[in-house]
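Working notes for the structure below.
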Amino acid sequence: MNLYQYTAFVPHDAMLIWNGFLWTFGIFASSTVLGSLLGFLLALLLHARVPILAWLVAGFVELFRNSPLLVQLFLVFYGLPVVTSFSPSATEAAILTMTVNTAAFMVVIVVAALDAVPRGQWHAAISSGMGYPQVMRLVVLPQAVRTVIPPAIVLAVGQLQTSSLVSIIGVNELARAGTILNNRTLRPFIVWPVIGLIYFVMAKLLSHFAARVERRVRARITWFAPAT
Amino acid sequence: MIELKAIGKSYGTLQVLNDISMSFRDGEVTAVLGPSGAGKSTLIRCINCLEILSAGDILVDGKSVRERRNVREIRRQCSMVFQQFNLYPHLTALDNIILAPVHVLGLAREAARQRARELLAMVGLADKERRYPAELSGGEQQRVGICRALAMRPRHLLLDEVTSAIDPEMTAEVLRVIENLAAQGTTMVLVTHEIDFARRVAHRIAFIERGRLIKHESSDDFFGNQSDERILRFIQKMKH
Amino acid sequence: MEVDFGAVLAQRAYLLQGLGLTIEISLASILLSFVLGIGVALCRIAPLRPLHSLAGLYIDVFRNTPFLVQLFFFYYGLPEIGISTNPVVTGTLALSLAVAAGNAEIIRAGIETVDAGVIQAARSFGLATFNVYRLVVLPIALRTALRPLGSAFVNLVLTTSVLSSITVNDLMGNAVNIAADTFRPFEVYLVLLIAYCAMTFVVSGCVNGAHALLYSRLSERPQLQG
């Protein structure tokens, strides 16, 4: 048996990496979109000071912002099946956990953006008789959008990197492809830089794309007074 | 003595100083007057090398500002007090004053503190030595700034519009300190808007307009015997 | 199966052992990444092009690649070039390098907010550039950077959990073993969730305390006539 045959790189490895990339992108994209939506809704609950629910949200946010994603992942993937009837697959657990994790960080960002809108705006809108939902929809949220985007981009890029942790529970994404290749070929100086480079390019593309979106948003909001 | 030899300073196409020559003699107090944007601040900042000349040269006690090796020595001999105070926000008043003496002159800390306390007492801030700049009023901060400059025992004192950023009620206390220094024979170059003060305190007046030296004469001649129309109008305007 | 913390509590000594290692690694990494961060930040603002570019490249690479990939690179790669160390050291190093990149940006931002006038004043008295940075720029910049740095350090503590994937017996590593032994992963990881929250609470508390200490008299307060 020629061991060297097993440890060399083969053309199929490109497929492995490509697959991994697709899965990473899929998991990242879905969890980020879902997490942002969830985070936004939870932020509204918190901001509106809905009794009981607001406290729950606050507690949830603190818990998930101040604990490692890895622990959250293990809790969902290994822990839940034991005490509940919920047994997610690795991928499901990955998307679920990342969604919740992203949401927790989004809550903080959205609340900060809402608070950045001057109090006077609320006063003006409310004194003309508008209710909370209207004030939010017509006055506050349009102004808050601008403040939300930059930190949200930073969060997204961070979550892209963090998504690599789901490889530890066996999801066949990019980092896992790296692990497989590394264990087989024993060439860490080739495998990890290549994997890292792909993540790097993904992150850069994400940043640039997001920056362009931000510029478009800014261009449309021409009435905004410069924030101090 | 500080000699300015045909100095010029431009930022790109903007000519801020144009062919200015004059001298500041030792023991003399010179007030540099002129309309805003005339280049007065730039002029004194060229003296202690905070700005680099585009043309000409300045000799501070014979040393050219154009030679890099002179910069440290020139800065030891010329101390500056700034319009925006520029005190070190993270240090107490006392520490603000002793920073340069300890780290540039190599003074022992205790000796530097002694001198700093004397200076603070002189400007009437003896009880504020442990305060941070944020806890002091504008007038107090500027007085600390003056102490900081004096602690270096400079030969020449450069004052850049030191009362412009202070509320009117507090300028008096700063001007009083400067007046005392003038009486003691310190060489001073004073960029200011306070016309009356300049008249009282300065020996000579340098009038700068649009980067050019228009007049450089004794205070008596400038205020008492002025023939130039523009300058007379300027003096009138500044009095209000 | 119902929830039962008994089995986990029985292993608390083992957990505390892991906690101890986590704390050690965290402290070491905080210190290392702080010092390295200052160094790289200074390189970033240095007038020398090569330093400037190199620092920029380092920051860019370490901030745009996953920590896990960096960690595996060092863990599997270092032995290949003859450097064999234990996982704890490798992990601490990798962590410090990763966090330092973020710190460098934070500190650089802090340096850039230092009032140019204050720096000019220091220069105008003849202070050597080295001293201007040591005595004026950095003390002010680090005060500004304190809160963001605190945030980065909280993140650091949380990231130590990733070291468990290279066989480090920290809190997470030991927890994984306990979960395997007791078949009670839910309880174990729930306890961990709370334990990490507690740790970050302590770190945040320290940062707030330091902030209060350093800023108690430096911030603008309404002035009484003086």
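A few points about this structure:
- Charged side chains reduced to their Cβ positions (Lys and Arg at +1, Asp and Glu at -1) give the protein assembly as shown a dipole of some 1200 debye around its Cα centre.
- Normalised by the number of residues in the range A:32-139, the mean separation of alpha-carbon contacts (under 8 Å, six or more apart) gives a relative contact order of 38 percent.
- Note on the protein assembly as shown: helix-only mean residue ellipticity at 222 nm, from DSSP H runs of 4+ residues weighted -39500 (n - 2.57) and normalised by residue number, equals -20000 deg cm²/dmol.
- Longest to shortest principal axis, alpha-carbon extents of chain B, angstrom: 52, 43, 32
- Greater than 19 Å apart at Cα, pairs in B:K40/B:K63; B:K63/B:K215; B:K5/B:K63; B:K9/B:K40; B:K40/B:K215: B:K40/B:K63; B:K63/B:K215
- Considering every alpha-carbon pair of the range B:107-240, the percent of pairs per 5 Å bin, from zero through the bin containing the longest distance, is 2, 9, 18, 20, 17, 14, 9, 6, 4, 2, 0.
- Within the range A:1-102, chymotrypsin sites (Phe, Trp or Tyr not before Pro) in DSSP loop having at most 16 other beta-carbon neighbours inside 10 Å: A:F9, A:F86
- Taking only Cα atoms of the protein assembly as shown, radius of gyration then Dmax in Å: 32.4, 110
- Applying a DSSP loop filter and a limit of 11 other Cβ atoms within 10 Å to the chymotrypsin sites (Phe, Trp or Tyr not before Pro) in the range B:146-240 leaves nothing.
- Relative contact order (percent, whole number), chain A, Cα cutoff 8 Å, 6+ residue spacing: 28 percent
- Taking B:C49, C:C197, C:C206, B:C147 and counting other C-beta atoms within 10 Å, the order from fewest to most: C:C206, C:C197, B:C49, B:C147
- Net charge contributed by nearby residues that have their C-beta within less than 12 Å of B:H203 (K/R +1, D/E -1): -1
- Cα centroids of the range A:45-120 and the range B:108-140: 53 Å apart.
- Every pair of different Cα atoms in chain A enters the Kirkwood calculation, which places the hydrodynamic radius at 20.0 Å.
- Bridges between two residues of the protein assembly as shown, per DSSP, are antiparallel at a rate of about 55%.
- Angle of helix B:109-122 to the longest C-alpha principal axis of chain B, folded into 0 to 90 degrees and rounded to 10: 60°.
- Loop-located GluC sites (Glu not before Pro) in the range B:34-107 (DSSP state not H, G, I, E or B) with no more than 14 neighbouring Cβ atoms inside 10 Å: B:E67.
- Antiparallel content of DSSP bridges confined to chain B, in %, to 5: 55 percent
- The range C:6-215, relative contact order [Cα under 8 Å, separation at least 6], %: 30 percent
- Amide H to amide H distances under 5 Å link B:V16 with B:K9, B:S10, B:Y11, where only residues 5 or more positions off or on other chains count and H is placed in the peptide plane.
- Dipole of the protein assembly as shown [Lys/Arg +1, Asp/Glu -1 at C-beta], most positive-end residue of C:L146, B:I97, C:C206: B:I97
- Averaged over residues, the count of other Cβ atoms within 10 Å places the peptides C:58-65, C:183-190 in the sequence C:183-190, C:58-65, highest first.
- Here the range C:6-215 is treated with +1 on each Lys and Arg Cβ and -1 on each Asp and Glu Cβ, and its dipole about the Cα centre works out to around 520 debye.
- Of interest is the spacing of the C-alpha centroids, which for the range A:162-224 and the range C:180-198 amounts to 29 Å.
Readers should treat all values here as calculations from the given coordinates under stated rules, not as data from a laboratory. Computed from a predicted structure; not experimentally measured. All Cβ positions, glycine included, derive from the backbone under ideal geometry; neighbour counts span all protein chains shown.
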